[in-house]
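Here's the structure, in structure tokens; my notes come after.
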Amino acid sequence: MKKALITGITGQDGSYLAEFLLEKGYEVYGMIRRCSSPNNERIEHLLDKMEVVDGDLMDLSSLIRIIGDIKPDEVYNLAAQSFVAVSFHEPILTGEITALGAVRLLEAIRIAHPQARYYQASSSEMFGKVRETPQTELTPFHPRSPYGVAKAYAHYMTMNYRESYDMFACGGILFNHESPRRGLEFVTRKISHTVAKIHLGLADKLVLGNMDAKRDWGFAGDYVKAMWAMLQQDKPEDFVIGMGETHSVEEFVQESFKVVGIENWRDYIEQNPKFMRPAEVDVLIADSSKAKQELGWEPEVGFKELVEMMVKSDIELLKK
């Protein structure tokens, strides 16, 4: 039986990946940071099927201990300070966790169990001010946020450990992926949750920043399958994962209101400059042809299905 260690298991991707690996018959270990009020709601239904271990990306000794004890076949580093807006307010913390945290984990693997296969959650935010559209594995990076810079550092260090120590280390350059498990601070979930509230008469306004911002949005449940596929290859490589189409925030809003049958949706919108980024990324759009060819990866959930899934899930959640 294969063993997998997932950091960031309490997050959106961590919970979907844990479900997927358990279905594949893996022994799953989830690393959780010790805190006074643990946030395990996304993995509550999995806790009796997996093992939780205490550790922190800020603490190298805990990582060496965990890797040495478990000796995992696969390590998925999904933990990060992952909110772009917060990275502008907390750039140093973002660097500590998102950038250096990845290096501490790579170093722990190198010291305690170099045979482990490593997946680094890289991000389309590394492209930022894009040099070409669509973006491939060879497109140069020009990150436009402390988060994007931190992810680029972690990505290059993953390549560096692969080339310097012959470690099986891959970077998955994932474009935006959403789900009903997305955090409420992210714009897609903020939209689906507020639209559900408006539908149920619990709110009357949706407050947003830049509605022209465009993203390549897919379903997180599809994307974790690509992470796994990367670590099953004969040789470690980096892959771009995305849908290959962009939609604006406004389109996401429009589709969400359509789900609840509201046509005059503009009447419910309020724009607030507080939610604008200091620097916006250009058009991010994925060219996933390498992943489709070499990993046989194909997304199953389209944009409209994703929006519908999120809004309906939030309606059910609020009814409870």
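The values are calculated or read from the model by the stated rules, or taken from the named source; none is laboratory data. Note that this is a predicted model, so its numbers are computed, not measured. Reconstructed Cβ throughout: ideal geometry from the backbone, glycine too, with neighbour counts over all protein chains shown. Surface accessibility is based on the protein's heavy atoms, side chains included, excluding ligands, DNA and RNA. Shrake-Rupley method; radii C 1.70, N 1.55, O 1.52, S 1.80 Å.
For this structure, a couple of remarks:
- Looking only at the range 39-55, and only at residues there that are charged (D, E, K, R) and within 27 Å of GLU107 (Cα to Cα), the one that is least open to solvent (accessible area, probe 1.4 Å): ASP54
- Long-range neighbours under 6 Å by Cβ, at least six apart or interchain, first residue on the phi < 0 side of the Ramachandran plot and assigned to a helix (DSSP H, G or I) within the range 134-148, second among the hydrophobic types (A, V, I, L, M, F, W, C) and open to solvent by less than 60 Å² (accessible area, probe 1.4 Å): TYR147/VAL84; GLY148/MET126
- Selection over the range 152-179 of residues that are assigned to a strand (DSSP E or B) and among the β-branched types (Val, Ile, Thr) gives a count of 1.
- Count of residues meeting criterion [under 12 Å from ALA150 (Cβ atoms), assigned to a helix (DSSP H, G or I) and open to solvent by less than 30 Å² (accessible area, probe 1.4 Å)] in the range 56-99: 6
- Which listed residue, of GLY242, GLY218, is open to solvent by less than 40 Å² (accessible area, probe 1.4 Å) and either out of contact with any Phe, Trp or Tyr (no Cβ under 9 Å at 6 or more places or on another chain) or within 30 Å of LYS319 (Cβ to Cβ) (or both): GLY218
- In this structure, LEU208 does not qualify as among the aliphatic types (A, V, I, L, M), closer than 29 Å to ARG104 by Cα and in contact with a strand residue (DSSP E or B) (Cβ under 8 Å, 6 or more places away or on another chain).
- Residue check, MET1 closer than 19 Å to GLU74 by Cβ and open to solvent by less than 70 Å² (accessible area, probe 1.4 Å): no
- Condition met for GLU294 (modelled with pLDDT of 95 or more, buried (at least 17 other Cβ atoms within 10 Å of the Cβ), more than 23 Å from VAL84 (Cα to Cα) and not aromatic (Phe, Trp, Tyr)): no
- Looking across the range 187-203, just one residue is more than 16 Å from TRP265 (Cβ to Cβ) and either open to solvent by less than 50 Å² (accessible area, probe 1.4 Å) or assigned to a helix (DSSP H, G or I) (or both), and that is ARG189.
- Look at the range 41-58: where a residue is free of Cβ contacts under 8 Å to residues at least 40 places away in the same chain and a partner is open to solvent by 60 Å² or more (accessible area, probe 1.4 Å), sitting 6+ places away or on another chain with Cβ atoms under 6 Å, you get ASP54/ARG34; ASP56/ARG33.
- The residue pairs whose first member lies in the range 294-318 and is at negative phi, whose second member is of a type in the set (A, V, I, L, M) and open to solvent by 90 Å² or more (accessible area, probe 1.4 Å), and whose beta carbons are closer than 9 Å, counting only pairs six or more residues apart or on different chains, are LEU318/LEU202.
- Residue match in the range 267-287 (condition: open to solvent by 50 Å² or more (accessible area, probe 1.4 Å), more than 24 Å from LEU184 (Cα to Cα), modelled with pLDDT of 95 or more and not basic (Lys, Arg)): no
- Complete set of residues in the range 101-133 that are surrounded by fewer than 19 Cβ atoms within 10 Å (Cβ to Cβ) and either on the phi > 0 side of the Ramachandran plot or part of a helix (DSSP H, G or I) (or both): VAL103, GLU107, ARG110, ILE111, ALA112
- Test: residue in the range 7-25 that is in a strand (DSSP E or B), in contact with a helix residue (DSSP H, G or I) (Cβ under 8 Å, 6 or more places away or on another chain) and open to solvent by less than 70 Å² (accessible area, probe 1.4 Å): yes
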